[in-house]
Amino acid sequence: MGAAVGVMFPQDLAGWRRWHEQRRPLRAVRAVKDRVRPRPPAPGVVWVRGSDPRTLAILESDSITGRLAVLQPLASLDSAAVLAPTGVAVPGFRAGDLGLADVAPERILAIGHYLPLGAEAYAWSRRSGAEFWVVQHGLLTPWAPPLPAESRLLAWTAADAAYWTAGRDDVSTAVVGSQLLWQAAQQPTPEPSARPVWLGQLHGTEIDRRAMARVSVEFCREFDATYRPHQSERDRLSRWQHARWQRQGLRIDSAPAPLAEVGGPVVAAFSTGVLEAAARGSEAWVHFPEPPAWLPEFWERYAMARWGGAAPTPSPVTASGTEPATAVTDLLRAQTA
């Protein structure tokens, strides 16, 4: 199989946002309302540690993936700053009445410039000359948001770096690995189970919801699997879907334990949870009959094993590898040396 060209929107952030809105009708309606009556930008709070922070991390939300990607590299720095949403605490830092200009960092760590705080920080970096570094925090599909112009990408793998920057010559790259997967590899392997666990992805925008629901039901029925809803499947439609499936006899994990405790074979269409399970030493597979054209390339790029194959997905983390957060910290220190 030939290598994929790259993401669908390599530089067009406005185009990516339109696609993202159109994939979910409620989001599209909200976007129209916002254009008619724009909402004020989400406020942020600058948190500081030390007296002369040269690095500013952008925490878009209280998600574990964001914290691991942009906050963990700051752990051993004596001085750093964080821009976080109002109401989100940043342990080890003190909040103050400061703005970006008051901190004036030399470089910014973010997951991108497609969310409100990242967009604000990127605009400031263009005016101030600060470097803008994007830390990869999840798996890359063709609909990953475009990278900011003249930014630096800290990627999980060389394949991901090539994929996300295809057709670009203005973005520099470094391979640091995934802190999320490295941390998963440090956890004990859960007790194995014979019953497979299907990781729900009804919230995903990359595959049509009806197709995802159909494949999920067919797999759970054929292999007596348990359906584990994604944490984002809390909307009314998803909850209705879960209740309907349960009435039809499907086993729904309505109070799921942490994924780290799931020992049975873990199966999904394209979830990061597959690699997390493999990193912990559990069996992990992917499954989607007659997949869309992009999905087999995605599976191949991450060495994900198809359900029913001879061997499960191998661990994406090597035992002797450097902790990714440490690799990012080393790059920060080298830049300021």
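The values are calculated or read from the model by the stated rules, or taken from the named source; none is laboratory data. A quick note: this is a predicted structure, and the numbers were derived from the prediction, not measured. Reconstructed Cβ throughout: ideal geometry from the backbone, glycine too, with neighbour counts over all protein chains shown. For accessibility, only protein heavy atoms count, side chains too; no ligands or nucleic acids. Shrake-Rupley method; radii C 1.70, N 1.55, O 1.52, S 1.80 Å.
Want the number for Ala310 to Ala101: 0.36 nm per residue separation, take away the alpha-carbon distance, what's left? Before the final figure, lay out each step's value.
Details: separation 209, 0.36 × 209 = 75.24 nm, distance 5.62 nm.
Length gained, Ala310 through Ala101: 69.6 nm.
The spread of Cα positions in the stretch 37-106, taken along each principal axis and listed from longest to shortest, comes to 43, 28, 19 Å.
By the gyration tensor of its Cα atoms, with a ≥ b ≥ c the square roots of the eigenvalues, what is the shape of the stretch 280-337: rounded for a/c under 1.5, prolate for a/b over b/c, or oblate? Because a/c hits 1.5 or more and a/b fails to exceed b/c, the stretch 280-337 counts as oblate. Candidate membrane-span-like segments in the chain, meaning DSSP H helices with Cα atoms spread over at least 15 Å of their own axis and a Kyte-Doolittle mean of 0.0 or above, are 324-336, with no membrane implied. Basic side chains Lys and Arg get +1 at the Cβ, acidic Asp and Glu get -1 at the Cβ, and with that the dipole of the chain about its Cα centre reaches some 1300 debye. At the residue level, Met8 shows approximately 110 square angstrom of accessible surface with a 1.4 angstrom probe and all protein chains present.
Based on DSSP, what percent of beta bridges with both residues in the chain are antiparallel, to the nearest 5?
Numbers: 8 of 36 bridges.
Bridges in the chain are about 20 percent antiparallel.
The local environment of Leu68, defined by Cβ-Cβ distances under 15 Å, has a net charge of -3 under the rule Lys, Arg +1 and Asp, Glu -1. Neighbours of Ala159 by Cβ distance under 11 Å: Lys/Arg scored +1, Asp/Glu scored -1, total -2.
What is the sum of charges, Lys and Arg at +1 and Asp and Glu at -1, for the other residues whose Cβ falls under 14 Å from the Cβ of Gly281? Show your work: numbers first, answer last.
Numbers: positive: Arg280; negative: Glu191, Glu261, Glu276, Glu283.
Around Gly281, the surrounding residues sum to -3.
From its DSSP helices (H runs of at least four residues, each -39,500 (n - 2.57)), the chain gives a residue-normalised ellipticity at 222 nm of -9500 deg cm²/dmol. Rg/Rh for the chain stands at 0.97; both radii use Cα atoms, and Rh follows the Kirkwood definition. Taken as Cα centroids, the stretch 263-337 and the stretch 141-163 sit 16 Å apart, rounded to the nearest whole angstrom.
For the chain, the residue among Ser320, Ser61, Val215 whose Cα projects farthest onto the positive side of the dipole built from Cβ charges is Val215.
When the chain is treated as a GNM with alpha-carbon contacts under 10 Å, the residue of Leu250, Leu140, Leu117 showing the greatest mean-square fluctuation is Leu250.
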